[in-house]
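What follows is a single structure, written as structure tokens, with notes after it.
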Amino acid sequence: MPRRDPSFGNLLRTMSRRGFFETLEFIAQNQPVNYSTIKEYDTKNRIVASRGSVTKIISCLGEIGAIKRTVIDSKPIRTLYAATEKGHRLLSKLQEIREIAGSQDPA
């Protein structure tokens, strides 16, 4: 029996969080994007229920390397988020899974 990779399990748990896919997709399509814009999109479209949920999703996306955070040293300081190459690859695979799961073909 193959040994389990705990980081893969953590990745799957992270990806299964409500709003993960939608938030990553929004960031990838609108990058670079700031926190307020992500929060507004997620709450307006009822992807998440609270600001705290948005923060958790962004943190998880950063921890797995799907997005990068860039701090702009200006007044006021700005933080921008963008999808990484890994984030784009994950998004592509998740879109494939969504298409397969949404398919009505029995095969």
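Using 12 Å as the cut-off for backbone N distance, which residues of region 19-40 belong to the label zone defined by a point 7 Å from the Cα of residue 70 along Cα→Cβ?
Within reach of a label on residue 70: 31-34.
Using each residue's phi in region 63-74, evaluate 6.51 cos²θ - 1.76 cosθ + 1.60 at θ = phi - 60° and report the 3J(HN,Hα) Karplus result to the nearest Hz, with x for Gly and Pro.
Whole-Hz 3J(HN,Hα) from phi for region 63-74: 4, 8, x, 7, 9, 10, 10, 10, 9, 9, 7, 9.
Based on the Cβ-Cβ distance from residue 85 to residue 44, what FRET efficiency comes out when R0 is 41 Å, to the nearest 0.05?
It comes to 0.90.
With Cα extents along the principal axes in Å as the read-out, I listed (i) 55, 34, 24; (ii) 38, 35, 27; (iii) 76, 58, 16; which label goes with the value calculated from this structure?
Working out Cα extents along the principal axes in Å from the coordinates points to (i).
Bear in mind these aren't lab numbers, they're just calculated from the coordinates by the rules spelled out. Fair warning: this is a prediction, and the values are worked out from it, not measured in the lab. All Cβ positions, even for glycine, are placed from backbone atoms using ideal geometry, and neighbour counts span all protein chains on display.
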